[in-house]
Structures are given as structure tokens and as C-alpha cells.
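Peer 1: I'd like to ask some things about the structure below.
Values quoted throughout were computed directly from the atomic coordinates according to the rules given, and no laboratory measurement underlies them. Model, not experiment: these values are computed from the prediction. In this analysis, Cβ positions are derived from the backbone assuming ideal geometry, glycine residues included, and neighbour counts consider all displayed protein chains.
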Amino acid sequence: MALQSKQIFVNLPVKDLNQSIDFFSALGYEFNPQFTDQNAACLVIGENIYAMLLVEQFFQTFTKKDVTDTAKSMEVIVALSAESREQVDEIVNKAYEAGAKPANDPVDHGFMYSWSFFDLDGHLWEFVYMDEAAAAQQ
């Protein structure tokens, strides 16, 4: 049997935790207060999918490597599914209204539609809708 995990926790460094909480709240996300304090906030992305937003200094305690300077380089792209093309547009537009920076223009492959943005700390978030019936015909 292949290894399968039951949950995912993506850990991301942030400069200002309260601003990050406000940003993701504006997109419609909630936080788990049990795992949220002055150093970290547990962003609930979906069932068993979480992003731990960690103040940079706290994040640094988990690694001996430097925190990536997102103005110069990229370490991860967080790609999440959406229910429809309209939901992709809605999320990205909310992100822009909350202070996100443009990453890429929308990409339409017919069976798959995506659009992305950089959050307040320069992390790249991509939202994707895939029409599975149309994808099967590819």
C-alpha cells in the first residue's frame, strides 16, 4: 500500500501575522483558534488542508536555512482547486481588493482555467478549476 497522509499543513513565513489574517479573512477563509497565537495562525483551506502562517522569526526556529526572500526567488506555489471558473475569478479579485499583487494573467486551456496572485508576503497562490469531463476528452 502506498503511503498516504490524512492532512497537509503548509508552513509559510509572514512578516505581519495580523495583516495576513485580515488578508485571508477577506478572501473568505477562517482560522482554527486552537492553533493560532501571536506567532502562528492556522488557516483552514479545506477539509484536512491547512496553511500555518508563521511569523518569520518563529518560522526560522524550524529550519537552519534562511527564509526565502520572495522579492527575489520563489520556493513554493500553493495551487488550490475551485468549484468553477467564476469562483476562481471571485477569489483572485477578492485577493486583489485585499492587497494582493498580480502574478499571472488568467490561463484558459478549455478544460482547465487558472489564475494566480502574490499574497502580502509574496507567496504565489494559484486557483484552478478543471472540468473533469472535458479533461477526459483530451
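Peer 1: In nm, what is the difference between 0.36 nm times the number of residues separating Tyr96 and Leu80 and their Cα-Cα distance?
Peer 2: 4.1 nm
Peer 1: Turning to a different aspect of this structure: Of the peptides 74-87, 37-50, 120-133, how do they stack up when ordered by the mean number of other Cβ atoms within 10 Å, highest first? Numbers along the way, then the final one.
Peer 2: Values: 74-87: 12.9, 37-50: 14.7, 120-133: 17.0.
Order by mean packing, descending: 120-133, 37-50, 74-87.
Peer 1: To continue, here is another question. What does the charge dipole of segment 8-136 about its Cα centre add up to, to the nearest 20 debye, if the Cβ of each Lys and Arg holds +1 and the Cβ of each Asp and Glu holds -1?
Peer 2: Values: 7 positive and 21 negative charges, 98 e Å.
Dipole about the Cα centre, nearest 20: 460 debye.
Peer 1: What pairs in Lys15/Lys72; Lys15/Lys101; Lys64/Lys94; Lys15/Lys64; Lys6/Lys101 have C-alpha atoms more than 24 Å from each other? Write down the numbers at each step before the final one.
Peer 2: Working: Lys15/Lys72 16 Å; Lys15/Lys101 16 Å; Lys64/Lys94 35 Å; Lys15/Lys64 18 Å; Lys6/Lys101 32 Å.
Among Lys15/Lys72; Lys15/Lys101; Lys64/Lys94; Lys15/Lys64; Lys6/Lys101, the Cα-Cα distance tops 24 Å for Lys64/Lys94; Lys6/Lys101.
Peer 1: Using alpha carbons only, how many degrees (0 to 90, rounded to 10) separate the axis of helix 17-26 from the longest principal axis of the chain?
Peer 2: 20 degrees
Peer 1: May I ask for the percentage of alpha-carbon pairs in segment 8-136 that lie more than 19 Å from each other? Walk me through the numbers before you get to the answer.
Peer 2: Details: 4132 of 8256 pairs.
Considering segment 8-136, 50 percent of its Cα-Cα pairs are separated by more than 19 Å.
Peer 1: List the residues, sorted by chain then number, that are 5 or more residues from Thr36 or on another chain and whose placed amide H is less than 5 Å from its amide H.
Peer 2: It is Cys42, by chain and number.
Peer 1: Something else now. Run the helix sum for the chain: -39,500 (n - 2.57) per DSSP H stretch of 4+ residues, divided by residue count, reported at 222 nm to the nearest 500 deg cm²/dmol. Display every interim value, and only then the final one.
Peer 2: Details: 4 runs with 32 residues, N = 138.
Rounded to the nearest 500, the figure is -6000 deg cm²/dmol.
Peer 1: Shifting gears a bit: Roughly how many nanometres apart are two label points built 7 Å out from the Cα toward the Cβ at Asp69 and Ile49?
Peer 2: So the label points at Asp69 and Ile49 sit 3.2 nm apart.
Peer 1: Something else: Looking only at segment 26-43, which residues have a backbone nitrogen under 13 Å from a spot 7 Å from the Cα of Gln57 in the C-beta direction?
Peer 2: Residues 38-40 qualify, since their backbone N sits under 13 Å from the label point.
Peer 1: Then there is this: For segment 99-108, take each phi angle, set θ = phi - 60°, evaluate the Karplus expression 6.51 cos²θ - 1.76 cosθ + 1.60, and give the result in whole Hz per residue in order, putting x for glycine and proline.
Peer 2: Listing the rounded values in order: x, 5, 10, x, 10, 10, 5, x, 10, 10 Hz.
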